[in-house]
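Right, one structure below, let's go through it.
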Amino acid sequence: MRAVLKAQINKTDRNDARGIAQMMRVGLYRPVHVKTLRSQKLRMLLTHRKLLQTKAIAVENDLRATLRNFGLKVGMVGTIRFEARVKELVDNLPDLVALVEPLLVVCRVLREQINILHRRVLAVVRDDEVCRRLMTVPGVGPIVALTYRATVDVPARFRKSKYVGAVLGLTPARDQFCRA
């Protein structure tokens, strides 16, 4: 569309609108599916949870890297024991305590908020019959079920079940013309 509109001699908003209308009349473009409001909210919930998770991991990794510069190794500890292990390492180094403490607070708050969002995900999945049915498949948990549910949105828009794979990127490029 951009290339066609760029070729116009008089580039104005009015001419752009006429050009877009003409392309739609000719049939150069097909209508697209707009996700339902519920689906958009579910995607936002999943995206925000993932964002907080990524940031928490980044803060923990940064703490590990900076402590390693001083010869202190955190080692293999889970998220629950991470804060205690870092405090144990920097306990006798007061200048490092002052530098590490703010990041530990940030990490703790991020983990608390991740847990809140995760509980919301679990509550949504618990109330959704389709998600519960999807979770009966081995290896499909609440996150995968909810992601699939939010991505497919309205299953009736697919004439054949094999078209769903193309939307998810699971088919070869030559077969990705979805006629939904």
**Study point:** Cβ-Cβ under 8 Å pairs, at least 6 apart or on other chains, the stretch 106-131 side without any contact (Cβ under 8 Å) to a residue 24 or more places away in the chain, far side of a type in the set (D, E, K, R) and open to solvent by 40 Å² or more (accessible area, probe 1.4 Å)
**Key:** Val125/Arg132; Arg126/Arg132; Asp128/Arg149; Val130/Arg149; Cys131/Arg149
Review point. For the stretch 125-141, which residues satisfy the criterion of being assigned to a loop (DSSP other than H, G, I, E, B) and within 20 Å of Arg49 (Cβ to Cβ)?
Key: Asp128, Met135, Gly139, Val140, Gly141
Check your understanding: Regarding Glu112, is this residue outside any loop (DSSP other than H, G, I, E, B), under 18 Å from Val59 (Cβ atoms) and at pLDDT below 95?
Key -> no
Check your understanding: Only one residue in Val124, Val86 is within 30 Å of Leu46 (Cβ to Cβ), modelled with pLDDT under 95 and open to solvent by less than 70 Å² (accessible area, probe 1.4 Å). Which one?
Key -> Val86
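Given the options Asp175, Asp153, Asp62, name the one that is modelled with pLDDT of 90 or more and either within 30 Å of Leu42 (Cα to Cα) or out of contact with any Lys or Arg (no Cβ under 7 Å at 6 or more places or on another chain) (or both). If you could, list the steps in order and put the result at the bottom.
Details: Asp175 fails: modelled with pLDDT of 90 or more; Asp153 fails: modelled with pLDDT of 90 or more.
Within the list Asp175, Asp153, Asp62, the selection yields Asp62.
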Practice item. List every residue pair whose Cβ atoms lie under 6 Å apart, where the two residues are 6 or more positions apart in sequence or sit on different chains, the first residue falls within the stretch 67-83 and is under 17 Å from Val105 (Cβ atoms), and the second residue, located anywhere, is in a helix (DSSP H, G or I) and open to solvent by less than 40 Å² (accessible area, probe 1.4 Å). Key: Glu83/Leu104
Point to revise | Residues of the stretch 107-124 satisfying the condition of being within 18 Å of the chain's Cα centre (by Cα) and farther than 9 Å from Leu52 by Cβ | key: Asn115, Ile116, His118, Arg119, Arg120, Val121, Leu122, Val124
Study note, to complete from the structure: Result of the Cβ filter at 6 Å on the stretch 133-161, keeping first residues that are touching a residue at least 60 places away in the same chain (Cβ under 8 Å) and partners that are of a type in the set (Lys, Arg) and open to solvent by 80 Å² or more (accessible area, probe 1.4 Å), at least 6 apart or interchain, is Ala150/Arg43
**Study point:** Where Val74 falls short, out of the listed (1) modelled with pLDDT under 90; (2) over 30 Å from Ala145 (Cβ atoms); (3) touching a helix residue (DSSP H, G or I) at 6+ places or on another chain (Cβ under 8 Å); (4) open to solvent by 50 Å² or more (accessible area, probe 1.4 Å)
**Key:** (4)
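Being part of a loop (DSSP other than H, G, I, E, B), of a type in the set (A, V, I, L, M, F, W, C) and surrounded by 10 or more Cβ atoms within 10 Å (Cβ to Cβ) is the filter here; which residues of the stretch 1-33 pass it? Show your work before the answer.
Of the residues in the stretch 1-33, the ones part of a loop (DSSP other than H, G, I, E, B) are 1, 7-12, 27-33.
Subsequent filtering for residues that are of a type in the set (A, V, I, L, M, F, W, C) retains 1, 7, 9, 28, 32.
Met1, Leu28, listed by residue number.
Can you work out which of the residues in the stretch 50-71 that are open to solvent by 60 Å² or more (accessible area, probe 1.4 Å) and closer than 22 Å to Arg119 by Cα is nearest to the chain's Cα centre (by Cα)?
Per the stated criteria, the residue is Lys50.
The values are calculated or read from the model by the stated rules, or taken from the named source; none is laboratory data. Predicted, not measured: the structure shown is a model, and the values here were computed from it. As a convention, Cβ positions derive from the backbone with ideal geometry for all residues, glycine included, and neighbour counts pool all protein chains shown. Areas reflect the complete protein model, heavy atoms only, side chains present, ligands, DNA and RNA absent. Shrake-Rupley method; radii C 1.70, N 1.55, O 1.52, S 1.80 Å.
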